[in-house]
Amino acid sequence: MRLEDKLFLNRYRVDSESHLAIKDPDTCRGRCPDRPCIYVCPVGVYEWLEKEGRLAVGYEACVECGACRIICPFDNIAWRYPRGGYGVSYKYG
Ligand code: SF4
Ligand code: SF4
């Protein structure tokens, strides 16, 4: 089974507030040209918006693996689990 097929089996209860936040956007902009969070996230939560010069965080798709928090060289991601009852469910695979 392909990764995309497995991800399709996940179910989400999306919270209205993000459980992921960038502590200092200037660090992403000026000190982190490689932006490894974008490449490590298996579901594409992070996207660099060139025109706006900022990192977009699509927290709704997060599968709560924690990889972005570990890979960020500046500890620049405020990471927590979604509030109780929200987030991803792996019931189907
Ligand atoms: S890895 Fe960290 S510092 Fe770099 S772009 Fe991502 S959140 Fe910003
Ligand atoms: S915890 Fe995992 S799925 Fe969620 S944003 Fe970070 S890398 Fe992506």
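The values are calculated or read from the model by the stated rules, or taken from the named source; none is laboratory data. Since the model is a prediction, treat every value here as computed from it, not as a measurement. Here the Cβ positions follow ideal geometry from the backbone for every residue, glycine too, while neighbour counts run over all protein chains shown. Just the protein is used for accessible areas: all its heavy atoms, side chains included, with ligands, DNA and RNA removed. Shrake-Rupley method; radii C 1.70, N 1.55, O 1.52, S 1.80 Å.
Here are the numbers for the structure shown:
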| item | result |
| --- | --- |
| Total residues in segment 1-47, condition charged (D, E, K, R) and on the phi > 0 side of the Ramachandran plot | 1 |
| Filter result for the condition that a residue is open to solvent by 60 Å² or more (accessible area, probe 1.4 Å) and within 15 Å of ligand 1 (Cβ to nearest atom), over Tyr12, Tyr46, Tyr39 | Tyr39 |
| Filter result (within 16 Å of the chain's Cα centre (by Cα), at pLDDT 95 or above and among the hydrophobic types (A, V, I, L, M, F, W, C)) within segment 5-37 | Leu20, Ala21, Ile22, Cys28, Cys37 |
| Residues of segment 37-86 satisfying the condition of being outside any loop (DSSP other than H, G, I, E, B) and within 17 Å of Tyr12 (Cβ to Cβ) | Val57, Tyr59, Glu60, Ala61 |
| Qualifying residues in segment 41-82 (those that are among the basic types (Lys, Arg) and more than 7 Å from ligand 2 (Cβ to nearest atom)) - the one farthest from Glu17 (Cα to Cα) | Lys51 |
| Restricting segment 49-60 to residues that are of a type in the set (A, V, I, L, M) and surrounded by fewer than 16 Cβ atoms within 10 Å (Cβ to Cβ), the residue that is nearest to the chain's Cα centre (by Cα) | Ala56 |
